[in-house]
Amino acid sequence: MTPAVSLNSWGWSQQGKHRAQNGDAFLNWPERGCWAVADGVGSSDYGDRASRLLIEKLMSLPQAVSLEEHIRNARSGLEEINALLASRRLWPGSAASTVVVLLRHEEQAACLWSGDSRCYLLRNDILYQCTRDHTLRQEKIDKGELTRPEAYRMVKGNIITNAIGASGARIDEVRFTLRTGDRLLLCSDGLTSALSATTLNGLLRRGNARACAERIREALAEYPQPDDTTLIAVVL
C-alpha cells in the first residue's frame, strides 16, 4: 500500500573527542517505517556492544501490517535484548544502552524509549519533546524535589535511571498521528547536551532531512564535543 504521507530521512553518528570509541548506533530504515538511536551507557562495561546489539535486533524484525503489530514486534525485540543483557550471558560485565525508536505505519506513528535518547516533533514551528528523559534530573523534577532550573544545576543530574540491560528496565511509549509538514528528530544525549531546543527548532525548519542533519552537524562543530553524538532527521 502506498503511504498516505511521504517522507525522507537522514542520519549520522560521530565519536566524541573524549571517547575511545563510538558507543552510539542508529537505524535509518524508512522503507520499513523504523528509525532508532541507541547510546551505550558509559558506566556499563559493554555499552558500545549493547547499543549495536539493539540495532541489530531491530533490523531483524519482520515487516508489520499495522502500527499495533509494529509496536508489538519492536517491544518484543527490545524486551528480548533487555533480558539477554541483564542476564550477563553474553559478556562477563554489565551491558546497557538507552534507545529511542520511531515507528510509522501510514499516517500513524509511535515512539518507544528507555533512557535519555530523545525524539522531537517539529509541527507548525513548535518543537515538542515526545519522550521524557529517564534521568536522575528528570526524576527530581517529576517528584517536585527540585525546580527545573535547580535540577539543571545538578552535578550528576544526567545519571541514567532506566536503560535496556539494567535491572527493572521499562519501555515507555507515546503515539501520535503524522501530518504533512511534520519534522522529527531522534538523537542521543550528546546532541541535546550541546544544543538547546530553541537552536534545534531553528535548524530543523527548512530543507530536506539531509540538509537538516548536516545543518545540525555544522552547528555542533562550534561547541566542545566530549560525548558521542548521533541523530536522525525525518521530514514529511
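Taking the Cβ of E107 as the centre, find all other residues whose Cβ is under 15 Å away and add up their charges (Lys, Arg: +1; Asp, Glu: -1). Write down the numbers at each step before the final one.
Working: positive: R104, R123, R175, R179; negative: E68, E106, D182.
That sum, taken over residues with Cβ under 15 Å, equals +1.
Counting only other residues whose beta carbon sits under 11 Å from that of G207, what net charge do I get with K and R as +1, D and E as -1?
Working: positive: R183, R205, R206, R210, R215; negative: E214.
So the surrounding residues net to +4.
Just name one of A25, C119, A213: the one whose Cα is farthest towards the positive end of the charge dipole of the chain (beta-carbon charges, Lys/Arg +1, Asp/Glu -1).
In the chain, that residue is A213.
Using only the C-alpha atoms of the range 82-236, find the volume of their convex hull and express it per residue in Å³.
Considering the Cα atoms of the range 82-236, their hull volume per residue is 142 Å³.
With no solvent and one equal point scatterer per Cα, compute the Debye intensity ratio I(q)/I(0) for the range 26-126 at 0.16, 0.21, 0.22 Å⁻¹ and report its log10, rounded to two decimals.
Result of the Debye calculation: -0.67, -1.04, -1.11.
Over the range 1-115, calculate the relative contact order: mean separation of alpha carbon pairs under 8 Å at least 6 apart, over the residue count, as a percent. Could you put the intermediate results ahead of the total?
Numbers: 195 pairs, mean separation 31.7, N = 115.
For the range 1-115, the relative contact order is 28 percent.
Helix hunt in the chain: which complete DSSP H runs extend at least 20 Å axially by C-alpha with mean Kyte-Doolittle at least -0.5?
Working: long enough: 67-87 (30 Å, -0.27).
Membrane-span-like by this criterion, though nothing is claimed about a membrane: 67-87.
Students often forget the sequence filter, so: which aspartates and glutamates lie under 17 Å Cα-Cα from K17 once same-chain residues fewer than 8 apart are removed?
Straight-distance partners of K17: D39, D48, D189, E218, E222, D227, D228.
Name the residues whose placed amide hydrogens come within less than 5 Å of the amide hydrogen of D182, ignoring near sequence neighbours (fewer than 5 apart) on the same chain.
Result for D182 returns L236.
With the cut-off at 1.5 for a/c, could you classify the range 80-153 from its C-alpha gyration tensor as rounded, prolate or oblate?
Values: a/c = 3.24, a/b = 1.18, b/c = 2.74.
The shape class here is oblate.
Relative contact order, percent, of the chain when contacts are C-alpha pairs under 8 Å separated by at least 6 residues? Before the final figure, lay out each step's value.
Details: 535 pairs, mean separation 65.2, N = 236.
Computed over the chain, the figure is 28 percent.
What residues qualify as long-range amide H neighbours of A163, i.e. H under 5 Å apart, gap of 5 or more or another chain, H built at 1.01 Å from N?
R170
At 20 °C and a viscosity of 1.002 mPa s, what translational diffusion coefficient does Stokes-Einstein give for the range 1-55, taking Rh as the Kirkwood radius over Cα pairs? Give it in µm²/s as a whole number. Kindly include the intermediate steps, with their values, before the conclusion.
On the way: Rh = 12.8 Å.
Stokes-Einstein gives a translational diffusion coefficient of 167 µm²/s.
Residue by residue through the range 221-236, what is 3J(HN,Hα) from phi via Karplus (6.51 cos²θ - 1.76 cosθ + 1.60, θ = phi - 60°)? Round to whole Hz and write x for glycine and proline.
Calculated HN-Hα couplings, in order: 5, 7, 10, x, 10, x, 9, 5, 9, 9, 8, 9, 9, 10, 10, 9 Hz.
Would you grab the residues whose amide H sits under 5 Å from the one on Q108? Only those 5+ places off in sequence or on another chain, please, with H modelled 1.01 Å from N.
Distant-sequence amide H within range of Q108: L178.
Run the helix sum for the chain: -39,500 (n - 2.57) per DSSP H stretch of 4+ residues, divided by residue count, reported at 222 nm to the nearest 500 deg cm²/dmol.
One gets -8500 deg cm²/dmol as the mean residue ellipticity at 222 nm.
Under a 10 Å cutoff between Cα atoms, tell me which one of I126, I160, I55 has the largest fluctuation in the Gaussian network model of the chain.
I126
Throughout, read-outs are computed from the coordinates displayed, never taken from laboratory work. Quick caveat: nothing in here was measured; it's all calculated off a predicted structure. We place every Cβ from the backbone using ideal geometry, glycine too, and count neighbours over all the protein chains shown.
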